[in-house]
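Taking it in order: structure first as structure tokens, then the write-up.
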Amino acid sequence: MRRLTWFNATSLTFGFAFLYLPMVLLVIYSFNESKLVTVWAGFSTRWYGELLRNEAFLDAAWVTIQVAFVSSTIATILGTMGAYVIVRAGRFTGRTLFSGMIYAPLVMPEVITGLSLLLLFIGIGLDRGMFTIILAHTTFSMCYVSVVVSSRLVTFDRSLEEAALDLGCSPMQAFRLVTLPIIAPAVVAGWLLAFTLSLDDLVIASFTAGPSATTLPIKIWSSIRLGVSPEINALSTLLIAVVSVGVIAASIVTKRSALRQEAEERAAERT
Amino acid sequence: MRRAVLILVPYLWLLALFLVPFIIVLKISLSDIALAIPPYTPTLDLSEGWAGIKAFFGALDFENFWFLTTDDLYWKAYLSSVQIAIIATLLTLLVGYPIAYGMANAPDHWRPTLMLLVILPFWTSFLIRVYSWMGILSNEGYLNQFLLWTGLISEPLTILNTPIAVYIGIVYTYLPFMILPIYAALERMDGSLLEAAEDLGCSRLSAFWLVTIPLSRNGIIAGCFLVFIPTIGEFVIPSLLGGSQTLMIGKVLWEEFFNNRDWPVASAVAVILLLILIIPIILFQRNEQKNREADG
């Protein structure tokens with residue numbers, strides 16, 4: 001049944017060519033000498049040099065990394081709490097509203113989230129800057145963390161926790177020693193997702209950023225609206241490289257740990 | 001006590017930064033534009049007590065919503081957003097299904113790699129993926145260079161800044177959302193069902209229509225919603241690839257806010273957009289619920 005027919009081979013070839021060709025072209029042409037992006041004029045790393053000398057881009061990149069790190073960390077804590085509440089807390093007043101608020105930001109158009117947060121910040125007189133972007137990013141990415149973590153919590157065997165409590169753990173200890181290690185992969189995945197969502201976000205950041213803080217996507221946006229530019233190609237290549245290395249490394253690590261777990265389980269069965 | 005803290009912290013956060021902002025949008029959509037800071041009236045003045053509150057509510061009206069119906073820019077933008085979203089979703093299905101099918105029928109040891117290859121673009125910056133098409137589709141772009149070189153065309157085609165470019169951009173960026181649920185459905189399918197259909201006299205094509213498609217229905221529905229819902233409010237793709245020809249409501253809202261500085265109208269546009277989205281969102285939730293029940 002599972003064999004590669006010519007139809008499947010063609011659809012996979014064309015499908016992946018479609019997915020990857022645009023990015024491959026971007027990478028190739030980032031090494032183009034010419035200022036005219038679409039005309040090849042020889043190999044050069046000139047645009048990478050210009051990029052590294054461009055302080056506005058470097059500043060924006062630093063702001064973006066700070067925002068992403070802080071917001072994804074807070075979002076992971078809040079999102080994990082949220083997942084716990086959804087899966088474990090049982091009934092309480094306003095539960096429907098709570099789960100609605102956890103899922104709604106996932107389907108809310110970014111323009112609306114951005115607009116509403118901006119109107120709130122102006123309403124309470126909060127100056128826009130890095131702090132407001134962090135608040136905004138935390139709010140929408142905590143919902144993604146909740147979804148990821150709760151899918152893991154649902155399959156979690158509660159008797160493990162109860163055993164820990166019976167053996168004299170405090171609830172906090174039981175969480176730290178039993179629950180957290182088991183849901184850890186989901187928490188890490190949630191953090192990574194929140195981090196990339198924040199790195200990537202243009203629309204919400206544009207609404208909530210002030211003149212004092214510009215993120216990298218806002219900077220990229222303002223320069224590509226006028227058309228393609230070789231510097232942006234170089235920047236894109238760097239970002240694509242970082243993401244690819246990260247994703248491939250993460251997948252190798254998860255595969256290894258899955259194999260190790262399998263081996264341990266098999267060993268445990270034998271004894 | 002501990003339980004109360006656990007519930008209250010995320011609850012209050014979401015109330016303050018999700019629900020309250022939305023109520024503010026609703027309120028401003030009922031206000032009037034004004035040359036002031038903030039640029040709308042009325043503002044609630046609690047120092048005047050009950051009379052102030054009464055005056056505040058008295059000044060709210062549906063004027064902005066009325067305005068949206070009189071200027072045909074808005075309803076055309078809503079209509080064309082829905083239309084673009086429907087066509088783009090169908091195109092994504094047409095492109096995505098064969099890929100998901102190919103993945104599900106690929107040799108077992110290939111599949112983790114193929115999965116990784118589908119997920120990888122999802123982690124890459126959305127903005128950059130859209131941007132990469134600007135260089136391909138422009139008049140001097142790689143596609144036109146290639147077509148001119150093969151001699152298929154003698155004049156460069158205008159694709160960038162047309163709706164076609166918007167469709168290409170949507171299909172490209174949302175493809176993983178379509179492939180993954182369909183792949184998940186196809187992967188679980190029992191291959192012997194197809195053999196049974198063929199033994200009973202189905203041709204391979206009719207076995208595909210009568211067995212494979214119905215069994216992957218839930219994946220198709222989930223994928224379509226995952227593409228359709230975010231596409232309606234899309235801003236980046238129509239702005240970068242669609243030019244001035246393509247009218248989409250996310251872009252209208254952005255321009256109303258940043259260029260025209262008309263906050264009340266921008267808020268009214270947002271409220272209507274949300275009302276349009278509620279129907280597909282409820283349908284999607286119901287489909288997910290049904291899938292979960294079928295699994296459990």
Point to revise | Which numbered condition residue B:170 fails, given (1) touching a residue at least 24 places away in the same chain (Cβ under 8 Å); (2) within 11 Å of another protein chain (Cβ to nearest Cβ); (3) closer than 28 Å to residue A:231 by Cα | key: (2)
Point to revise | Subset of segment B:104-144 [over 26 Å from the mean Cα position of the chain (by Cα) and within 7 Å of chain A (Cβ to nearest Cβ)] | key: B:105, B:106, B:107, B:108, B:140, B:141, B:142
Check your understanding: Wholly within segment A:143-261, which helices (runs of 4 or more DSSP H) include no fewer than the required count, namely at least 1 residues that are more than 30 Å from residue B:241 (Cα to Cα) and modelled with pLDDT of 90 or more?
Key -> A:158-166, A:180-200
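Residues checked against (1) modelled with pLDDT of 95 or more; (2) touching a Pro at 6+ places or on another chain (Cβ under 6 Å); (3) closer than 30 Å to residue A:105 by Cα; (4) not polar (S, T, N, Q):
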{"position": "B:131", "(1), (2), (3), (4)": "no, no, yes, yes"}
{"position": "B:141", "(1), (2), (3), (4)": "no, no, no, yes"}
{"position": "B:149", "(1), (2), (3), (4)": "no, no, no, yes"}
{"position": "B:186", "(1), (2), (3), (4)": "no, no, yes, yes"}
{"position": "B:205", "(1), (2), (3), (4)": "no, no, no, yes"}
{"position": "B:222", "(1), (2), (3), (4)": "no, yes, yes, yes"}
Review point. Residue B:158 fails exactly one of the following numbered conditions: (1) among the hydroxyl-bearing types (Ser, Thr, Tyr); (2) within 9 Å of chain A (Cβ to nearest Cβ); (3) not in a helix (DSSP H, G or I). What is the number of that condition?
Key: (2)
Point to revise | Single condition residue A:23 does not satisfy, out of (1) loosely packed, with under 14 Cβ neighbours inside 10 Å; (2) within 14 Å of another protein chain (Cβ to nearest Cβ) | key: (1)
Review point. Quick one: how many residues across segment B:247-275 are within 16 Å of the chain's Cα centre (by Cα) and either in a loop (DSSP other than H, G, I, E, B) or more than 9 Å from chain A (Cβ to nearest Cβ) (or both)?
Key: 5
Review point. Does segment B:64-103 hold any residues that are over 18 Å from the mean Cα position of the chain (by Cα), without any contact (Cβ under 8 Å) to a residue 24 or more places away in the chain and more than 30 Å from residue A:250 (Cα to Cα), and which are they?
Key: B:66, B:69, B:70, B:71, B:72, B:75
Study note, to complete from the structure: Apart from one, (1) exposed (fewer than 14 other Cβ atoms within 10 Å of the Cβ); (2) in contact with a Lys or Arg (Cβ under 7 Å, 6 or more places away or on another chain) all hold for residue A:121; the odd one out is (1)
Study note, to complete from the structure: Within segment A:26-57, the residues that are in contact (Cβ under 8 Å) with a residue 12 or more places away in the chain, part of a helix (DSSP H, G or I) and surrounded by fewer than 19 Cβ atoms within 10 Å (Cβ to Cβ) are A:27, A:46, A:48, A:50, A:56
Review point. Applying the selection to segment A:237-268, what residues are of a type in the set (D, E, K, R) and either buried (at least 19 other Cβ atoms within 10 Å of the Cβ) or within 11 Å of chain B (Cβ to nearest Cβ) (or both)?
Key: A:255
Revision key, fill the gap. With the first residue restricted to segment A:113-128 and required to be polar (S, T, N, Q), and the second required to be buried (at least 16 other Cβ atoms within 10 Å of the Cβ) and assigned to a helix (DSSP H, G or I), Cβ contacts under 7 Å at 6 or more apart or on different chains are A:113/A:105; A:113/A:140; A:113/A:204; A:116/B:21; A:116/B:22; A:116/B:24; A:116/B:25
Review point. Would you pick out the residues in segment A:204-236 that are at the interface with chain B (Cβ under 7 Å from one of its Cβ atoms) and within 17 Å of residue A:66 (Cβ to Cβ)?
Key: A:217
Review point. Which condition breaks for residue A:41 when tested against (1) at the interface with chain B (Cβ under 7 Å from one of its Cβ atoms); (2) modelled with pLDDT under 85?
Key: (1)
Exercise for review: Those residues that are more than 7 Å from chain B (Cβ to nearest Cβ) and either of a type in the set (Val, Ile, Thr) or assigned to a helix (DSSP H, G or I) (or both), I need them from segment A:91-101; list them, please.
Suggested key: A:93, A:95, A:96, A:97, A:99, A:100
Check your understanding: Based on what the data block shows, is residue B:139 surrounded by fewer than 20 Cβ atoms within 10 Å (Cβ to Cβ) and in contact with a Ser or Thr (Cβ under 8 Å, 6 or more places away or on another chain)?
Key -> yes
Point to revise | residue A:30 within 11 Å of chain B (Cβ to nearest Cβ), of a type outside the set (Val, Ile, Thr) and touching a Ser or Thr at 6+ places or on another chain (Cβ under 7 Å) | key: yes
Exercise for review: Tell me, yes or no, whether segment B:103-126 has at least one residue that is more than 30 Å from residue B:185 (Cα to Cα) and touching a Pro at 6+ places or on another chain (Cβ under 7 Å).
Suggested key: no
Exercise for review: Can you confirm whether segment A:169-188 contains a residue that is surrounded by 12 or more Cβ atoms within 10 Å (Cβ to Cβ), among the hydrophobic types (A, V, I, L, M, F, W, C) and in contact with a Gly (Cβ under 8 Å, 6 or more places away or on another chain)?
Suggested key: no
Review point. When you go through (1) buried (at least 22 other Cβ atoms within 10 Å of the Cβ); (2) within 13 Å of chain A (Cβ to nearest Cβ); (3) not aromatic (Phe, Trp, Tyr) one by one for residue B:244, which number turns out not to apply?
Key: (1)
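The values are calculated or read from the model by the stated rules, or taken from the named source; none is laboratory data. This structure is a prediction, so every number in the text was calculated from the model and none was measured. Neighbour counts are summed over all protein chains in view; Cβ atoms, including those assigned to glycine, are modelled from backbone coordinates with ideal geometry.
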